[in-house]
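The values are calculated or read from the model by the stated rules, or taken from the named source; none is laboratory data. A quick note: this is a predicted structure, and the numbers were derived from the prediction, not measured. Neighbour counts are summed over all protein chains in view; Cβ atoms, including those assigned to glycine, are modelled from backbone coordinates with ideal geometry. All accessible areas refer to the heavy atoms of the entire protein, side chains included, with ligands and DNA or RNA removed. Shrake-Rupley method; radii C 1.70, N 1.55, O 1.52, S 1.80 Å.
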Amino acid sequence: MFVFTTHSELRSFLKKQTGSVGLVPTMGALHKGHLSLVQKAAENNNWVLVSIFINPTQFNNANDLAKYPKNMAKDLELLTPYNKKLIVYTPNDSDLYPKAINAKKYDFGSLALHMEGAFRDNHFNGVATVIEALFRNLKPDRAYFGEKDFQQLQIIKALNDQLNLGIKIIGCPIIREIDGIAMSSRNQLLNKKERNAAPIIHQTLQEIAENNGRWDVNYMNHFFKKSVEENFFLRVEYFFVAEEATLIPVSHLKKQNDYRIFVAVNAGKTRLIDTLKLGRI
Ligand code: PAF
């Protein structure tokens, strides 16, 4: 395993190597979802480059940033099976933000207007700023992102196209615990009661997807809220059904269109998001 804290040292190292580089950008607190991205990158590339950086500009809440889980020693241990082809990049703020720790402004149209774009002020400008810096500084051939953050994935694809960065963006399926909860670094922040309650989120999404074509969007929304909030520890922040291509929420489903459900639920002080594709009606 090769560990670098500056992109200039990392680039000099890579210039002496041959073969393709697959980047897996992370904020650390790695779990099996991240490892599935690392595995995919290892299958497709000569080198896997994992960045571990808690990006301050994508947090709209200082408390959320402060309590974001961190455990570098455990992260490096989880990555050891990939030792031979693995490069880890653990920069400090100034390596990615040489001037000021500010988000740039981007225009992603409807992709950034709803769901996380509406509920987390400036979040996607922060994500795009750090991803642009990672892409420009590290110049990977491919970059891997989980579909759990489906909106983020679409925005990163748009960023890559708008700026002509020429990186192949690869979306990878959500990895879930046996009880259905989507793997997330934030799951570590749940207490036992909240963790026991959380699987109802995915179970309810599945039940809604099974009734697609029979239930309208309004009823889906009502059903989700009722089913999830029956649990004292869970409060729904949003439920949307949106077109997959534009990420614009809809109130009626048309035949031949692809849709996806997007939800955010607060479990105590921890915010969980999830998404599920709806089959065509
Ligand atoms: O999904 C994440 O962990 C972050 O948003 C990312 C893509 C690493 C950017 O900081």
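A few comments on the model shown:
Yes/no per residue for (1) surrounded by 21 or more Cβ atoms within 10 Å (Cβ to Cβ); (2) assigned to a loop (DSSP other than H, G, I, E, B):
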{"position": "Y238", "(1), (2)": "no, no"}
{"position": "A245", "(1), (2)": "no, yes"}
{"position": "K254", "(1), (2)": "no, yes"}
{"position": "N257", "(1), (2)": "no, yes"}
{"position": "R260", "(1), (2)": "no, no"}
{"position": "V265", "(1), (2)": "yes, no"}
{"position": "L272", "(1), (2)": "yes, no"}
{"position": "K277", "(1), (2)": "no, no"}
{"position": "I281", "(1), (2)": "no, yes"}
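- Screening K40 against (1) surrounded by fewer than 17 Cβ atoms within 10 Å (Cβ to Cβ); (2) farther than 28 Å from I101 by Cβ leaves a single unmet condition, (1).
- A29 vs. criteria free of Cβ contacts under 8 Å to residues at least 40 places away in the same chain and of a type in the set (A, V, I, L, M): no
- When region 15-30 is filtered for residues that are more than 9 Å from the ligand (Cβ to nearest atom) and outside any loop (DSSP other than H, G, I, E, B), the ones remaining, listed by number, are K15, V21, G22, L23.
- Considering region 204-223, the residues that are over 16 Å from V250 (Cα atoms) and part of a helix (DSSP H, G or I) include one that is most open to solvent (accessible area, probe 1.4 Å), namely E210.
- Test: residue in region 59-66 that is modelled with pLDDT of 95 or more and surrounded by 19 or more Cβ atoms within 10 Å (Cβ to Cβ): no
- Of all residues making up region 98-135, the number that are β-branched (V, I, T) and touching an Asp or Glu at 6+ places or on another chain (Cβ under 9 Å): 2
- Checking each residue in region 132-177 for being farther than 30 Å from Q206 by Cβ and within 12 Å of the chain's Cα centre (by Cα) picks out no residue at all.
- Selected residue (criterion: most open to solvent (accessible area, probe 1.4 Å)) from residues of region 175-193 that are in a helix (DSSP H, G or I) and in contact with a strand residue (DSSP E or B) (Cβ under 7 Å, 6 or more places away or on another chain): L189
- Of all residues in region 31-65, those satisfying the criterion of being part of a helix (DSSP H, G or I) and more than 16 Å from the ligand (Cβ to nearest atom) are Q39, A42, E43, N44, A62, N63.
- All positions within region 138-161 that are small (G, A, S), out of contact with any Phe, Trp or Tyr (no Cβ under 6 Å at 6 or more places or on another chain) and open to solvent by 10 Å² or more (accessible area, probe 1.4 Å): G146
- Across region 73-87, the number of residues qualifying as basic (K, R), under 15 Å from F4 (Cα atoms) and under 21 Å from the mean Cα position of the chain (by Cα) comes to 0.
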